Amino acid sequence: MIAYSRGDGLKYAKTQIHVRLEGDWTATGTRRHYQGTTRSAPNGNSVEVAFCVDSSKFYGKDIKTKKIRRTEPSISDFDYFRIVMVRLPTGEGLWQASKVYVEAKAAQCR
């Protein structure tokens, strides 16, 4: 995880993992990503990747009981992500997520 994220990006990843571990659940189903765009910074050292996410067929699953927590489809299933990726100075073409912005209930993704 540290190889792929830092700063706020790392904080976001750790929070997502912690919520699942604390709740003793995992994910199952299909999560669709679409309408992807990119925007580069003039200096070439960062890029913003943006996309929609449809989680209407993506559910939580209790690890112990294997019970799937199905939900009714709703606007809550649609999110819009913007992730700022920064180039690592190693010269090996590696990038890290440094910031993650999520717009929940994103009508533009429905």
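The values are calculated or read from the model by the stated rules, or taken from the named source; none is laboratory data. Please read all numbers here as calculations on a predicted model, not as lab measurements. Cβ atoms come from the backbone with ideal geometry, glycine included; neighbour counts cover every protein chain shown. Heads up: the accessible areas ignore ligands, DNA and RNA and are worked out on the full protein's heavy atoms, side chains in. Shrake-Rupley method; radii C 1.70, N 1.55, O 1.52, S 1.80 Å.
Looking at THR28, THR15, THR38 in this structure, which one is free of Cβ contacts under 8 Å to residues at least 60 places away in the same chain and open to solvent by less than 50 Å² (accessible area, probe 1.4 Å)? Checking each option against the conditions leaves just THR28. Identification of strands (runs of 3 or more DSSP E) wholly contained in region 1-97 with 1 or more residues that are more than 24 Å from CYS109 (Cα to Cα) and of a type in the set (D, E, K, R) yields 46-62, 78-87. A residue that is hydroxyl-bearing (Ser, Thr, Tyr) and modelled with pLDDT of 90 or more cannot be found anywhere in region 9-26.
Could you list all residues from region 67-110 that are at pLDDT below 90, aliphatic (A, V, I, L, M) and either open to solvent by 70 Å² or more (accessible area, probe 1.4 Å) or more than 14 Å from ASN45 (Cβ to Cβ) (or both)? Listed by number, the list holds a single entry, LEU94.
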